[in-house]
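The values are calculated or read from the model by the stated rules, or taken from the named source; none is laboratory data. The model shown is predicted, which means the values in this text are computed figures rather than measured ones. Please note: Cβ atoms are built from the backbone with ideal geometry, for glycine as well, and neighbour counts cover all protein chains shown.
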Amino acid sequence: MDSEFIIAFKEVLREELTKKNSVYIEGLGQFEVIHREQYHKRYDTGKVLLMPPTDLLQFKANIKNPHEN
């Protein structure tokens, strides 16, 4: 693939995901941002940490197996 296309694609993908928009690519899948609230993480040692809220990138593949009907 042409490197200019890849660079432009990454820029558009980053821009849309920064706006919290989902990006669907037919035949490939969907990228979306999932927000995770803060939570308490407890270790076996008894130590407890407050984990900050964060946004995660999730990808759901939409590729069909060519052997399936």
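Looking at (1) surrounded by 10 or more Cβ atoms within 10 Å (Cβ to Cβ); (2) out of contact with any Pro (no Cβ under 7 Å at 6 or more places or on another chain), which is the one condition that is false for R36? The number of the failed condition is (2).
Residue pairs, Cβ under 9 Å, 6 or more apart or interchain, first in region 29-51 and of a type in the set (D, E, K, R), second in a loop (DSSP other than H, G, I, E, B) and surrounded by 10 or more Cβ atoms within 10 Å (Cβ to Cβ). List them. The qualifying pairs are E32/K20; E32/N21; E32/S22. If a residue must be over 23 Å from the mean Cα position of the chain (by Cα) and surrounded by 10 or more Cβ atoms within 10 Å (Cβ to Cβ), how many such residues does region 43-55 contain? Here the count works out to 1. Taken over region 42-69, residues that are outside any strand (DSSP E or B) and either modelled with pLDDT under 95 or not β-branched (V, I, T) (or both) amount to 14.
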